[in-house]
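The structure under discussion appears below in the form of structure tokens.
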Amino acid sequence: MEKLHKIHFVGIKGVGMTPLAIIAKEAGVEVSGSDVEETFITDAALGKVGITPQIGFDPAHIQDDIQLVITTGAHGGYENVEVIKARELSIPVITAGEAVGEFMKGDILGKRFTGISIAGSHGKTTTTAMLTTIFKENNLDPSYLIGTGSFGKNLPGHFGKGSYFIAEADEYATEPKHNHKARFLWQHPTLAMFTNIEHDHPDIYPTVESIVKVFEEFALQIPSNGVLVGNGDNKYVSDIFQRMSCRTNTFGLSPKNDYVIDRVHVSGNQTFFRAHAKEIDLGEFRLSVTGEHNALNALGATVLALEAGLPLEKIKTALATYSGSKRRLEYRGQLITGAHVFDDYAHHPTEIKVTLKSLRQRFPQSTLIAVFQPHTYTRTKTLLDEFVKAFDDAHNVIITDIFASAREAKDETISSQLLVQKLATRHPACLYIPTPANVIELLGKERLNDNVVVVFMGAGDIYHAIDLLSFK
């Protein structure tokens, strides 16, 4: 492909689509796009680069001068009316997953890159943002794509002058109904990382073995002169690494790893940790985000940056400037009654555990209220027993109705009421509150003081409820 002059994005507000649109816009491509009217966390980012989405999906949005249509897996995917119209006009159509691979390759943008991909069941957004921060702070001006609304004051996507393209690598299906190829298999990086591997997306991967298989397939795409970095404490990552022909580096808490965290200390909104590599003391790292899991994310980003040739002290200095990403344990403010409010994307039991653990470490004397909106019937049903064990660090738990994905049919055998019934056998202070609006009404009556921390969690629309609260 030669560099294109006009691309249309179907579902442009999605966290996987907005960064692509921004990159194309900054590369000098004319961008158009459509989506629903609902407010998204990406709206501000699109506005900052002068992209105004067309509201609704209409075949009339597909003009003859469009050279490429990029579609999301949501909103009908290949069956979206705009996609159908594009194909009638013989305009090429690719998905967001394919587009990331093409952008990394560089043909569409008219530039060649060295690709870096960060994959994993948890932590890939944060780790990608950390690595991007390291590269930006060291004047490498990378192109990057991160599945969030923003990180710090940065947009989620950027077309840089440098030679690196850093991308979050998503294992979900290319198009859930018609193409189950894992999205990250379109990427062919030189450097890559696995933050961890766990069973998730049971609508696509019925067993943990099926998801491990696609991670290994991705790993095998790394060239022999490339490097794969991963959390060696994770059994599935470790097993895959035993079969790799490219060079590998592991990191983690266990001394068996190539890079090892010696100790972690959380103080307020900062995390401090020390690490070593093959008996070489790497010294102390300081982060402006909370939690042991973020120490692991930062160490993984450090290993990748070292592989790219950056000096350790400059990596540390850059990491200290990273202040978090949108909806990743994001501090939203203090209520007029005093309570502290956080917003987090956690939707898997492991993510819930680390989020609550981090908040307990940061606020050891406070009452912690977890408001959780389960995401998809399949995940809630398949991981039900794990969800029951995920809330131990919360004092009070509120569960709302399941946020159902448009890609799945309603399952009458699973519900939030059932989750609360099972959770009550382990955690007596739990409630089923159907809607986020009902939750806000309840919290408003409680007059929560400054010794209370409330965290809203979920991959659905639970974050909209926070805007209904009264902040100082």
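Worth pointing out:
- Residue satisfying condition, being among the small types (G, A, S), farther than 18 Å from M17 by Cβ and at pLDDT 95 or above, within set G123, G152, G157, G162: G162
- Of the set (1) among the small types (G, A, S); (2) farther than 25 Å from G309 by Cβ; (3) modelled with pLDDT of 90 or more, all apply to G268 but (3).
- The single residue among I399, I462 that is under 23 Å from the mean Cα position of the chain (by Cα), under 30 Å from N80 (Cα atoms) and among the β-branched types (V, I, T) turns out to be I462.
- Scope the range 346-386; condition under 23 Å from H464 (Cα atoms) and among the hydrophobic types (A, V, I, L, M, F, W, C); matching residues: A346, I352, V354, L356, L359, L368, I369, A370, V371, F372
- Residue in the range 421-433 that is under 29 Å from F151 (Cβ atoms), over 20 Å from the mean Cα position of the chain (by Cα) and outside the structural domain of P202 (by TED's automatic domain parsing) present: no
- Candidate set from the range 299-308 (those that are touching a residue at least 24 places away in the same chain (Cβ under 8 Å) and either outside the structural domain of G157 (by TED's automatic domain parsing) or among the hydrophobic types (A, V, I, L, M, F, W, C) (or both)); member that is surrounded by the most Cβ atoms within 10 Å (Cβ to Cβ): A301
- Some residue of the range 309-321 being crowded, with 23+ Cβ neighbours inside 10 Å and among the small types (G, A, S): no
- Extreme residue, farthest from A192 (Cα to Cα), among residues of the range 227-266 that are free of Cβ contacts under 8 Å to residues at least 24 places away in the same chain and in a strand (DSSP E or B): H265
- When the range 324-339 is filtered for residues that are modelled with pLDDT of 90 or more and either touching a Leu at 6+ places or on another chain (Cβ under 9 Å) or part of a loop (DSSP other than H, G, I, E, B) (or both), the ones remaining, listed by number, are R332, G333, L335, I336, T337, G338, A339.
- One residue from Q417, Q365 being of a type in the set (S, T, N, Q) and modelled with pLDDT of 95 or more: Q417
The values are calculated or read from the model by the stated rules, or taken from the named source; none is laboratory data. Remember, it's a predicted structure, so these values are computed and weren't measured experimentally. Glycine gets a Cβ as well: all are built from the backbone with ideal geometry, and neighbour counts include every protein chain shown.
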